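Notes follow once the structure below has been shown.
The values are calculated or read from the model by the stated rules, or taken from the named source; none is laboratory data. All of these numbers come straight from a predicted model, not from anything done at the bench. Glycine gets a Cβ as well: all are built from the backbone with ideal geometry, and neighbour counts include every protein chain shown. Areas reflect the complete protein model, heavy atoms only, side chains present, ligands, DNA and RNA absent. Shrake-Rupley method; radii C 1.70, N 1.55, O 1.52, S 1.80 Å.
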Amino acid sequence: MTIRKTSAAALAAPSLTATPGLALEMTYGAYTSPTHTTNVNGIQPTQERITEATNGEITFETFAGGAMGGPKELLGNVGNGILDSASVVDIYVKSSLPVSSMISSMLAIGDDPKVMAAAVNEFHHLNCPQCKEELEENNVVGLSWSATGAYHVICKEPIKTLADLQGRKIRATSGIGVAMQEIGAAPVSITTAEMYEAMQRGQIDCAVGATAWLDTYNLKDFAKGVWSNALGSYFGTMNWAINQDVWNELTEDQRQAFKDNMAQAVADIMWAYVDDNETAMEWLKENGGTVEESDQAFKDAWAEQQAKAYDTALAAAEADGIENAEELLNTFKGLVEKWTARMEEIGDDKAAYQQALQDEIFSKI
């Protein structure tokens, strides 16, 4: 356990449990860069609010850019105490988080990332005992999840049609990779951290991802064409995975300081990702690239894949031996429908979205 303590009973009022507060410096790991959307707009401001809410009892030392582990190592590094906390991408540790990965494998259905972020948080916190069990098995507590911005096809050279895409090497993971293979592309399963080098070396021609990645992963160095039609989003990033032993050692007030800040963290990330997506596409258009819709043939083929996403996820889950897979998927489907309706009411009102997350999810954990 990497948590550092100094005797500091005098630094704060007694907690709700009447246990004196301890001054704790918690380490946090991210494989993404310090300038990544999630870090700048979500993690860093949340850390600052938690420090303020605990009167300085809890501070953070952040190791970004993979300094303390890549996407496949961070879960284990938190569980075994190398790190106190981190962001964890479930599809890169599928064997450790099979239920979570089953849900997030349905990237193709996530055209509205704000819906998916709300649905996945409600699912994990209030509707999935198996999710909590698999976190416990990894000695980790999960506090909040977020989605990326909407996914688009991003290519080194502009392409226009389904036929143009077929046969091309395209970075596409999990359910998106399955769908791309079904329509004739050649998916390459690599992490986001590996995209830049893969595109540079010609190992991939295109990537499916958030257009914000033109900046955050510097794909703008190579990419010249983007399809403007959305292809879903990834919604399985656990932004706050905390070592179970560290979490247990916090006072009730300190734990509450984390919980009280999760709704804002999710809302801030989601609004920032949408803005960064749009800004990146505008930049590409202004700097010689193309941003245009695909042809109708691709749209029709992709609609077929979206319609099959639940069945594809169920078949894979049953093959992996996940218990109650159909029930879990149906529960999640219901939550997506619920939050789709809620977003029609909320619209672009960020404050209303944050309040809905707080009222309907985070106030209940």
Could you give me D for the stretch 317-365, from Stokes-Einstein at 25 °C and 0.890 mPa s, where the hydrodynamic radius is the Kirkwood radius over C-alpha pairs? Units µm² s⁻¹, please.
194 µm²/s
Per residue, how much accessible area does the stretch 39-111 have with a 1.4 Å probe, in Å²?
34 Å²
DSSP beta bridge pairing in the stretch 147-282, given as percent antiparallel to the nearest 5
60 percent
What share of the DSSP beta bridges in the chain is antiparallel, in percent to the nearest 5?
55 percent
Once the Cα atoms of the stretch 141-213 are picked out, what are the Rg and Dmax in Å?
12.9, 45
Subtract the Cα-Cα distance of LYS132 and ASP221 from 0.36 nm times their separation in residues, and report this length gain in nm to one decimal.
28.0 nm
Just the accessible area per residue of the stretch 113-269, please: how many Å² with a 1.4 Å probe?
31 Å²
What is the local net charge at ALA230, summed over the other residues whose Cβ is closer than 14 Å to its Cβ (Lys, Arg +1; Asp, Glu -1)?
-3
Among THR37, GLY347, ALA185, whose Cα lies farthest out toward the positive end of the dipole of the chain, if unit charges sit on the beta carbon of Lys, Arg (+1) and Asp, Glu (-1)?
ALA185
Taking all protein chains in place and a 1.4 Å probe, what share, in percent, of the accessible surface of the chain do carbon and sulfur account for?
46 percent
Among the lysines, which have Cα under 27 Å from the Cα of LYS132 when same-chain residues fewer than 8 positions away are ignored?
LYS72, LYS94, LYS114, LYS259, LYS333, LYS338, LYS364
Over the stretch 108-266, what is the mean sequence separation of C-alpha contacts under 8 Å (at least six apart), divided by residue count, expressed as relative contact order in percent?
37 percent
In nm², the average projected area of the convex hull spanned by the Cα atoms of the stretch 95-148 is 3.6 nm²
Computed on Cα atoms only, the convex hull of the chain has an orientation-averaged projected area in nm² of 17.2 nm²
Which value results when the Cα radius of gyration for the stretch 263-365 is divided by 2.2 N^0.38 Å?
1.43
If we count every other residue with Cβ under 14 angstrom of GLN203's Cβ, Lys/Arg +1 and Asp/Glu -1, where does the sum land?
+2
note: the stretch 196-337, Cα-Cα separations exceeding 21 Å make up a percent value of 64 percent
Here P(r) for the stretch 252-297, Cα-Cα distances in 10 Å bins, as whole percents, is 21, 26, 23, 16, 11, 3
Calculated from backbone phi, Karplus (6.51, -1.76, 1.60) coupling profile of the stretch 131-141 in Hz, x at Gly/Pro:
5, 5, 5, 6, 5, 4, 5, 9, 6, 9, 10
Show me, for the stretch 72-85, the HN-Hα J-couplings you get by feeding each phi into the Karplus relation (A = 6.51, B = -1.76, C = 1.60, θ = phi - 60°), rounded to Hz, glycine and proline as x.
8, 10, 5, 4, x, 5, 6, x, 8, x, 5, 10, 7, 7
In Å and from the alpha-carbon atoms only, list the Rg and Dmax of the stretch 73-223.
16.6, 49
